[in-house]
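Working notes, beginning with the structure itself.
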Amino acid sequence: MPKRTDIKSVLVIGSGPIVIGQAAEFDYSGTQACRVLRAEGLRVILVNSNPATIMTDPEIADATYVEPITPDFVEKIIAKERPDVLLPTLGGQTALNTAISLHENGTLAKYGVELIGANVEAIHKGEDRQLFKGVVEAVNAKIGHGESARSVICHTMDEIMAGVDTLGGYPVVVRPSFTMGGAGSGFAHDEEDLRRIAGQGLALSPTTEVLLEESILGWKEYELELMRDRNDNVVVVCSIENFDPMGVHTGDSITVAPAMTLTDREYQTLRDIGIAIIREVGVDTGGCNIQFAINPDDGRIIVIEMNPRVSRSSALASKATGFPIAKIAAKLAVGYTLDEIPNDITEKTPASFEPALDYVVVKVPRFAFEKFPSADATLTTTMKSVGEAMAMGRNFPEALNKALRSLEKKGSQFSWIGEIGDKDALLAKAAVPTDGRINTVMEAIRAGATQQEVFESTKIDPWFVDQLFLLDEIAAEVAEADRLDPELLRHAKRHGFSDQQIGEIRGLKPDVVREVRHALGIRPVFKTVDTCAAEFAANTPYFYSSYDEESEVAPRTKPAVIILGSGPNRIGQGIEFDYSCVHASFALAEAGYETVMVNCNPETVSTDYDTSDRLYFEPLTLEDVLEIVHAETLAGPLAGVIVQLGGQTPLGLAQALKDNGVPIVGTQPEAIDLAEERGAFGRVLRDAGLPAPKHGTAFSFEEAKAIADEIGYPVLARPSYVLGGRGMEIVYDEPSLASYLERHAGLISEHPVLIDRFLDDAVEIDVDALFDGTELYLGGVMEHIEEAGIHSGDSACALPPITLGGYDIKRLRTSTEAIARGVGVRGLINIQFALSGDILYVLEANPRASRTVPFTSKATAVPLAKAAARISLGATIAELRAEGMLPTEGDGGTLPANCPISVKEAVMPWSRFRDIHGRGVDTVLGPEMRSTGEVMGIDTVFGTAYAKAQSGAYGALPTKGKVFVSVANRDKRNLVFPARALVELGFEVLATSGTAEVLQRGGIPSTVVRKHSEGEGPNGERTIVQLIHDGEVDLIINTPYGTGGRLDGYEIRTAAVSRGVPCLTTVQAMGAAVQGIDALTRGDVGVMSLQEHAALINSARK
Amino acid sequence: MTAPAPLTTRQPRAARRERVPAVLVLEDGRTFRGQAYGATGETFGEAVFNTGMSGYQETLTDPSYHRQVVVMTAPQIGNTGVNDEDPESARIWVAGYVVRDPARVPSNWRSKRSLDEELANQGVVGISGIDTRALTRHLRERGAMRVGIFSGPALAEESELLARVLQAPEMKGADLCAEVATTEPYIVPAVGAKRFTVAAVDLGIKAMTPQRMAERGIEVHVLPANSTVEDIYAVAPDGVFFSNGPGDPATADHQVAVMQEVLARRTPLFGICFGNQILGRALGFGTYKLKYGHRGINQPVQDRSTGKVEVTAHNHGFAVEAPLDKVSDTPYGRAEVSHVCLNDNVVEGLQCLDVPAFSVQYHPEAAAGPHDAAYLFDRFVDLMTASHANAGS
C-alpha cells in the first residue's frame, strides 16, 4: 500500500524546551521525521519553541515556526499555513497534549486538519489510566495474558484515603494522569507521604486525577518498542531490561538491550501482550512503548503503561538497534507499510522485521543533584536525570564499563582502590536507589557481600549481580597478578576495564598501561551495528569498539575530519553543543570531507547514523578517542580532529590529544589554555588595553578577606577550575565570605578560590564571533535581561541588543577582535562582557562554540557553527562570504534597523525536585547555572518577543488579575515604573508591608498581604503563601534579599512553582514582562516563520 | 510465592577460573581460539549460525540441528539456565555449540541447572570466548561448511585438526531424519474435546508442533520417519502432517513417495520445514541448498494471499525451487508459492489449489520464536473441516 496521495502538507509539532523527561531525543525524532516527510515531497510546517534544535534549522522544514507550543499559537499557524494533516506523535507529551487540545477545542475540525500517526481515541486509550486498564483487560480476555496492577482512580483526597484501604494498605504508588516523564509520581509509605504526593499529583494532572496502585517495588522491569502499519503488520523493534528493578523511573534506571534474563517463552508472552495492546489501543500507524513488570518469584506479568508515540525509549531503541523508529513512524503515517520501507542499514531487506543484536547495549542516566544540593537524591518513579549515556560492547560488562566512563563524572566508574567499607552499611545504602547505587553495590562486593546479600538488598537480578562479581574478580586478578601478562590484560579489556582503571589498580599511569597495551598489540576492533547480527552485509558505517578479533572499518580515500561530540546532556552542556557538531558535520561533508562523528549520547541528532559519513558510538575519553583516531588513520588520510564545538568535553581532551600526535584543527589547545588560565588571560587583556573587574586569588580566609576588603563587597566568589558556574556565589559581606569558604572547603583544597569584584547593576552582554586570524565576524550581540551575576545560561537575553547603541557595539567589536587575536582563535569565540557605568569589563572568554550559537544563528539567519567548522579547516571569512555561507557584507553587529527582535529565555527544572521533607527547592537565579533548556521568541518588537519567550517557557503571561510584588531593598527604586504600568494595565497589586510603602510613596495603590513569617492573621487573613496555594495570585515578582528575608522568599517561590504561577526573580525581568503584557493586551500577536524572518533580514542586508 | 533460585556463594576474590583452551577449525582452514564450554573433547558438523536472541534451550533440543554446530550470534548465552518445560525433544541435538560469553550464574524462577552443566552432562562439546561475529560473517560470505571443535585431549596441531574436519561427512546428501525420529508410534491426545485425528510423520518433530495441534482438538499420532502409506491410513487420519527434520530433502525418496499417495487420496495435508521440501519434491519441484540458510526468529515472511507480513522462526538450510510469479501445473493439479521471505525471496510456503494440501518452510509452532504464524494450524483445521463437509455432502 503506497504513500497516500491526498496529503500535500503536514504540520509537525516539536517538544519545546529541554526539560527533565523531555529532552534532545525529540529533536532526533523530529528531525528524522521532517527530513523523511520532505523527501516524500510534502510541505512540512514545523512548530517548536526551542532554538537549540536541529529540527528548527531552516533547511529541515519548509516553514519553521519558533513560536510557543500552545493551542493559541499553533492555531495561528494552522490558520496561516492550512496544513492537510497534523503529526503529533514525534514531539513528546507536549505535542500530544497540544494536538488533543486542538482537537477538543474544535480547531482541527474548523480548519479541516486530520490527525495522522495516532487518533484521539487511541491517544486517550493509551494515556488515560482507567481506559488503559480496560485495554489490558480486553487483551487478557483475548489472549489470556497480561494484567494491570490492582488500582483505583481518585479525584479528591477523600477518594485517595479510601483507595488505600481497598488496595490493602501501604506502600502504594501515586501516578497523576496526563503528566510527562512521570511528573508528580511517587511511592507513599504512609499517610503523610500520601497526602503530600497525591495532593501535588492532583494539582499537576490537567484532569485532576491520580491513580493509586499496589506496590510492585523490586519486580523486574521491561520495555518493548513496537511499530504497526496500516496493514496491521506489527514488529517489536527492541526489548529493554532495567538493571534497576521496579521503583525507579526507567529514565533514571540503568537499562540494557536486548532483555538479558528472559526465556523465549516469557519474552514471547510479552511480545504477544504488546502486539495485542497496540491493536486494542488502535495505534494505526507508528510506534509505541509498553512497560512491563515481572514478578521474579513466579513470572506474573503486569502491564504498567504504554506511550502511543515515539519516546525517550524509542530514541534509545533506535540507536541501540539501528532501526530508526521515528523515521519509519513518519513513513507509516503517510501511508507506507513496513514491507515497503527498506532497512537503511542493509539496504536490501525490508523494515518489516525485528532487529537481532549481537552486542549488548547499556544506558546509564546522568544526574545533576550537585546543582540542587537541597533536593532529595533518592530515585523514585518521577524522573530526575538530566541526560544519559549509552555504550555498546560484545558483553554486558564491557558495555557497562564503557557506559559508566561515558558519564564523564567523577566517581561514576568502578574503583578498586581506597578503603574497603563496612559491608552492612554499604548494603543498607545500596537498598535505597540513588545516583551511583551501582558503585555502592561494587563497594559492598569489595567489602565481602555475597551475591545473595546483594540481591536481597537491591533486588537487582542475580544474573546482573553475578556480572558485577565477575568484574570484581577480574579486578582482583589484575591486582594480584605478578605481572600484567597479555592474556590477563586482554581479559580485563574484554570486560571493559579502561586503561585508567587498570592503571589505578596496578599503581600505574593510564598512559603507561596504554603504551604497554599498544606494545603488546592489544587494541579494540570496531564492529558494525547492522540490525541483523551479521546475517546480511551492512552498508552503514555505524561502529562501536570491542576487544574482539575482527575489525570492520573500511578503507577510504577522502580526507576525514573527526568531530568530537559533547557526551551526555547535563546542565551547562546540552543540546546546543550537539547542534554545533551536527552543523560542522553537514558543512564539512559539503566541503568534500569524510565526516566522522564520535559521541555517546543516544538522545541526539549527532548520533543518528544518517548525520555523518561514519559514526562511532563511543565514550569521549582520551583512551577511546585515541583508538578511533588510530583506526581512522589506518583507514585513510586524516585532516584533523575538531574539539571546539562539543563544549568542555572535547575541549578538555584537546591538549592530551595533541600531545599524542593527533592533529587538532582550528583553535589550538595552547590558545584554549590561554583563555582558561586566568593569569595568562589577564596578560592578553592587559596587552589589548581591556579592563576586567578587579580580582584576586586566595588560598585562605585571610587572603580572601584581604582581597574582598580591597575591591569592596559584594564580591563574586568561585573555586578555580570548575565549570558551569559550579560553586559560584555572590557574597555580600564578610561573614558570608567566611561561610562560603567553609562550605566549599572541599572544592578549594586543591585549587585557590577566585574573588572578583561583583558588578552590581551592570548590563551583561554575550558575544559570539568568528575569527580566522585576520578578519573578525561578529556573530551576534546579546543583551541580558537579568543583570550581571545571574549565570548567562539562566538569563534571558535579547538580540539585537535592545539598549546598546552603535558606540557600544563598536567597542564590543574592537574588544572581541583584540581578544580573539590575542588568544589565537581559529573558529568560534564567546565572550561575556559587563557594561557598568560607562566601562566595558571583560568577564570571561571561551574560545569554542557557546551555548548561544544556535540562538544567534537563528536570530541572524547565519550558520555560525558551519562557518566555524570551515574556518577550522582553513577557509577564511572572506571566502565564506564569497561562497554565500556568510553575508557578503556586514555581520551580526550590523543588523538592519527593522530586524525582528529575538528573545531567549531559560527553562528551569524546579518543579522536578523536592527536598527530603518533600518541600520544593528554591527557585532563585544565581551565578551557578541550573536551567535545562531554553526557548526563543521572535517578533518585531521586544515586548511581544519577550511575551512569546515566556509563553514558550512557562505558559502565557497573565493579562489581568492579581500581581504580588515583594522586592529586595536594592530593587525598590526600580520598582515604581513597572508597577505603575501593571496597574494601568488593570492588575491589582498585592505587596508585603515594606514594598507597599514604597509603592504608596510612588502613588501606586496596593493591598498589603501578610508575610509567610507573620502567619495567618487574627481574623483568618491569609498569608501570601496561602493565597498562592489557593490560586488567587496570577503573577509574582519576588527578588531575593541579599541576606535577610530569605525564608519568606523561599516559601513564596516554591509555592509559585507548585501552583505554576509565573514568578519573576529580577526587577529587570519585571520590566520586560510589563512590556510583554502590554503587547499581549494591545492586540493580535502574529506568527512568522524562520524562513520569512531570514528573507526579511537578507533583503534588508542587500 | 517460591523463593528465588539459590545463588552461588561468593568465590574467594581472584579465584582465577580455569580457562581450558579450545579451538574451532573450519574446513577452509580458518581457526578461532577460545575456551572449552560444556563437554571437552572433539566434535564435527556443519557450521551454521542462529540469530535468535532468546530460546537457546529450544534451539539446542530441535532435532533439525542434528549434525550441525550452532554458532549463537547473541553474545550472552545461558542467562536463564535450563528448565524442564522448554526443551523441544528429549535431548540436545546440536553437534557442537559456539557462544561468546556464557552465563556463570543462571537466573530465572523456572531454572533447574546451568546450561554449562547441561551441555557437559549430555556430552555436547562447545567453545566460548571467540569472535562469533567474525565467524558469522565468514559463514555468510563463504557459506555453511564443515567445522570441528577441539578441546582437552583432542587438541593437536592445526593441520592435523583440519585433516580431521575434512574427513567428516558433508550435509549435502545426508539422510538424517531416521536418526532423530521416534522409532515407535505414540499419541499426543487432544486438549479438550477431540475433533480430528492426524497422522504426523516424525522426521525430527519438535514437541511444540503436536501440542499446537492438540490445543485445537486434534489427536496426534506421531509415526516413525519410515512409516508407510498403510501405517498412516491405519490410524484413520482426518489429516496427515509431515514434520521438520535434518538433512538433505533430496535423500527423502521414501517420504516423497508416501506423500504423493496422500495427495492422490486428497487427504488434508500440512507440512512444516522438511515437510515443505517433501511437498515441493512430491509436486515435482526441485530443492537446493542455501548458501548459509535461515536460522533465527526474526524473519519477515509475507503471506501472499493477504499481503500481511509475519515475523517468523526459521531453521532451514535447504529450500524449494518453485516459480514465484505463476501458478504451476503439477501431477496433483495446480500449485503456487503461498509464502515468501522478504529478505531474499526464498520460497517459504506452498499451496495446492486442486488438492487439500499446503506447507510452510518456517515454524508456525515457534518455540523458540514469535507466534505470528500460529494461524496456519487453524488453516489445517479448516482444511479438515471442509474435507469432512465435502465427504458428508
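The values are calculated or read from the model by the stated rules, or taken from the named source; none is laboratory data. Remember, it's a predicted structure, so these values are computed and weren't measured experimentally. Cβ placement follows ideal geometry from the backbone for every residue including glycine, while neighbour counts extend to all protein chains displayed.
Quick check: is even one residue across segment B:122-139 on the phi > 0 side of the Ramachandran plot, within 22 Å of the chain's Cα centre (by Cα) and either of a type in the set (Gly, Ala, Ser) or at the interface with chain A (Cβ under 9 Å from one of its Cβ atoms) (or both)? The answer is yes; a qualifying residue exists. Name the residue that is surrounded by the fewest Cβ atoms within 10 Å (Cβ to Cβ), counting only residues in segment A:438-484 that are of a type in the set (S, T, N, Q) and within 11 Å of chain B (Cβ to nearest Cβ). Taking the candidates together, the pick is A:Gln452. Among the criteria (1) within 9 Å of chain A (Cβ to nearest Cβ); (2) in contact with a Lys or Arg (Cβ under 6 Å, 6 or more places away or on another chain); (3) not small (Gly, Ala, Ser), the one B:Asn79 does not fulfil is (2). List the residue pairs whose Cβ atoms are under 7 Å apart, where the first residue sits in segment A:542-571 and is within 30 Å of A:Ala23 (Cα to Cα), the second is aromatic (Phe, Trp, Tyr) and not in a strand (DSSP E or B), and the two are 6 or more positions apart or on different chains. From segment A:542-571, the pairs are A:Tyr542/A:Tyr609; A:Tyr544/A:Tyr359; A:Val561/A:Tyr593; A:Ser566/A:Phe577.
Filtering segment B:252-280 to residues that are in a strand (DSSP E or B) and within 24 Å of B:Glu58 (Cα to Cα) leaves B:Phe270, B:Gly271, B:Ile272. Considering only residues that are of a type in the set (Asp, Glu) and within 10 Å of chain B (Cβ to nearest Cβ), look in segment A:216-240 and name the one that is surrounded by the fewest Cβ atoms within 10 Å (Cβ to Cβ). Restricting to residues being of a type in the set (Asp, Glu) and within 10 Å of chain B (Cβ to nearest Cβ), the top hit is A:Asp232.
Could you say which residue among A:Val605, A:Val625 is buried (at least 24 other Cβ atoms within 10 Å of the Cβ), under 25 Å from A:Ser318 (Cα atoms) and in contact with a Phe, Trp or Tyr (Cβ under 8 Å, 6 or more places away or on another chain)? Talk me through it step by step, then tell me what you get.
Numbers: A:Val625 fails: in contact with a Phe, Trp or Tyr (Cβ under 8 Å, 6 or more places away or on another chain).
Among A:Val605, A:Val625, only A:Val605 is buried (at least 24 other Cβ atoms within 10 Å of the Cβ), under 25 Å from A:Ser318 (Cα atoms) and in contact with a Phe, Trp or Tyr (Cβ under 8 Å, 6 or more places away or on another chain).
Across segment A:786-834, the qualifying residues are those that are out of contact with any helix residue (DSSP H, G or I) (no Cβ under 7 Å at 6 or more places or on another chain) and part of a strand (DSSP E or B), and the one among them that is surrounded by the most Cβ atoms within 10 Å (Cβ to Cβ) is A:Cys797. Here A:Val248 meets the list (1) surrounded by fewer than 24 Cβ atoms within 10 Å (Cβ to Cβ); (2) in contact with a Pro (Cβ under 7 Å, 6 or more places away or on another chain); (3) more than 10 Å from chain B (Cβ to nearest Cβ) almost entirely, failing just condition (1). When A:Ala845, A:Ala878 are checked against the criterion of being over 21 Å from A:Ala591 (Cα atoms) and touching a residue at least 12 places away in the same chain (Cβ under 8 Å), a single residue qualifies: A:Ala845. Restricting attention to segment A:320-361, which residues are within 14 Å of B:Val311 (Cβ to Cβ), of a type in the set (Phe, Trp, Tyr) and over 30 Å from the mean Cα position of the chain (by Cα)? Answer for segment A:320-361, where residues must be within 14 Å of B:Val311 (Cβ to Cβ), of a type in the set (Phe, Trp, Tyr) and over 30 Å from the mean Cα position of the chain (by Cα): just A:Phe353. Of the strands (runs of 3 or more DSSP E) entirely within segment A:198-284, those holding at least 1 residues that are within 22 Å of A:His124 (Cα to Cα) occupy A:210-214, A:220-228, A:234-242. Of the listed requirements (1) surrounded by fewer than 17 Cβ atoms within 10 Å (Cβ to Cβ); (2) within 14 Å of chain A (Cβ to nearest Cβ); (3) farther than 30 Å from B:Val256 by Cβ, B:Glu117 misses just one: (2).
Can you name the residue in segment A:261-275 that is of a type in the set (Ser, Thr, Tyr) and facing chain B (nearest Cβ under 8 Å) and, of all such residues, is surrounded by the most Cβ atoms within 10 Å (Cβ to Cβ)? Please lay out each step first, then the result.
First, the residues of segment A:261-275 that are of a type in the set (Ser, Thr, Tyr): A:261, A:263, A:267, A:269.
From what is left, the residues that are facing chain B (nearest Cβ under 8 Å) are A:261, A:263, A:267.
Values: A:Thr261: 24, A:Thr263: 26, A:Tyr267: 24.
Within segment A:261-275, the match that is surrounded by the most Cβ atoms within 10 Å (Cβ to Cβ) is A:Thr263.
With respect to (1) surrounded by 24 or more Cβ atoms within 10 Å (Cβ to Cβ); (2) away from chain B (no Cβ under 14 Å), the lone exception for A:Ser185 is condition (1).
Residue count for segment A:413-447, restricted to those that are assigned to a loop (DSSP other than H, G, I, E, B) and of a type outside the set (S, T, N, Q): 14.
Under the condition of being within 32 Å of the chain's Cα centre (by Cα) and either surrounded by fewer than 17 Cβ atoms within 10 Å (Cβ to Cβ) or within 27 Å of A:Val85 (Cα to Cα) (or both), the residues counted in segment A:114-152 number 18. For segment A:993-1004, does any single residue satisfy the condition of being at pLDDT below 90, among the basic types (Lys, Arg), under 27 Å from A:Tyr732 (Cβ atoms) and more than 33 Å from the chain's Cα centre (by Cα)? The answer is no; no qualifying residue exists.
Please tell me if A:Tyr721 is aromatic (Phe, Trp, Tyr) and at pLDDT below 85. Working first, answer last.
On the way: aromatic (Phe, Trp, Tyr): yes; at pLDDT below 85: yes.
Yes: the conditions hold for A:Tyr721.
The residues in segment B:343-366 that are within 26 Å of B:Gly55 (Cβ to Cβ) and either assigned to a helix (DSSP H, G or I) or touching a Lys or Arg at 6+ places or on another chain (Cβ under 6 Å) (or both) can be counted, and the count is 1. Of the numbered criteria (1) farther than 28 Å from A:Ala320 by Cβ; (2) crowded, with 24+ Cβ neighbours inside 10 Å; (3) in contact (Cβ under 8 Å) with a residue 40 or more places away in the chain, the one A:Gly92 fails is (1).
Among the residues of segment B:372-392, those that are surrounded by 16 or more Cβ atoms within 10 Å (Cβ to Cβ) and of a type in the set (A, V, I, L, M, F, W, C) comprise B:Ala373, B:Ala374, B:Leu376, B:Phe377, B:Phe380, B:Val381, B:Leu383, B:Met384.
The criterion of at least 1 residues that are more than 30 Å from A:Ala63 (Cα to Cα) is met by the following helices (runs of 4 or more DSSP H) wholly inside segment A:1007-1102: A:1024-1029, A:1046-1059, A:1067-1082.
Annotation note: Cβ proximity below 6 Å between a residue of segment A:492-515 that is farther than 18 Å from A:Val625 by Cβ and a residue that is outside any helix (DSSP H, G or I) (sequence gap 6+ or interchain) occurs for A:Arg494/A:Tyr547; A:Glu504/A:Ile417; A:Ile505/A:Trp416.
Being free of Cβ contacts under 8 Å to residues at least 60 places away in the same chain, out of contact with any strand residue (DSSP E or B) (no Cβ under 8 Å at 6 or more places or on another chain) and buried (at least 17 other Cβ atoms within 10 Å of the Cβ) is the requirement here; does A:Lys423 meet it? I'd like the intermediate steps shown before the answer.
Numbers: free of Cβ contacts under 8 Å to residues at least 60 places away in the same chain: yes; out of contact with any strand residue (DSSP E or B) (no Cβ under 8 Å at 6 or more places or on another chain): yes; buried (at least 17 other Cβ atoms within 10 Å of the Cβ): yes.
The answer is yes for A:Lys423.
Among the conditions (1) of a type in the set (Lys, Arg); (2) at the interface with chain A (Cβ under 10 Å from one of its Cβ atoms); (3) within 23 Å of B:Arg133 (Cα to Cα), B:Arg110 misses just one, which is (3). Note on segment B:281-315: residues that are out of contact with any Phe, Trp or Tyr (no Cβ under 7 Å at 6 or more places or on another chain) and either more than 14 Å from every other protein chain (Cβ to nearest Cβ) or outside any strand (DSSP E or B) (or both) amount to 10. In segment B:74-84 there is at least one residue matching the filter, namely being free of Cβ contacts under 8 Å to residues at least 40 places away in the same chain, among the acidic types (Asp, Glu), more than 14 Å from B:Phe49 (Cβ to Cβ) and surrounded by fewer than 24 Cβ atoms within 10 Å (Cβ to Cβ).
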